[in-house]
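Each reported figure results from applying straightforward, stated rules to the coordinates on display, with no laboratory input. Quick caveat: nothing in here was measured; it's all calculated off a predicted structure. No Cβ is skipped: glycine too gets one built from the backbone with ideal geometry, and neighbour counts run over all protein chains shown.
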Amino acid sequence: MNESTNQRINQPTNLMDTTEVIGHIGSALSSLTFIPQVVHTWKTKSVKDLNLFMILIVFVSTIIWVVYGVLKGILPVIICNSIICVLSMVLIYFKFRFSNRQS
């Protein structure tokens, strides 16, 4: 390790440094991605274009990311993926709830 790297590691960190702010902004933006689809599906009650396999992959991957975030103590990862996990559960529910209406 060179001296400048060693100094960065040993520097005290602020309560929320720039890196953490960037993480929270990215987390917030990622969390917003499913909201338009949830709202649209709720309003239209149309699920024929929702791909259940894709939503299940998102659901499982967010659970894995939450576990990773908890184990590593990375709050933006925990928050973002918890929100997306809930939103994907809502879409899974909608897929089954509204599928009967589109026979």
* **Pair Tyr68, Lys43: separation of 7 Å Cα→Cβ label points (nm)** => 3.4
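Figure the gain on full extension for Glu20 and Asn51 (residue separation times 0.36 nm, minus the Cα-Cα span) and round it to one decimal in nm. Don't skip to the answer; put the middle values down first.
Details: separation 31, 0.36 × 31 = 11.16 nm, distance 3.36 nm.
The span from Glu20 to Asn51 would gain 7.8 nm if fully extended.
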* Asked: Where a Cα-Cα gap under 30 Å defines reach, which lysines qualify for Lys95, not counting those fewer than 8 residues away within the same chain?
  -> Lys43, Lys45, Lys48
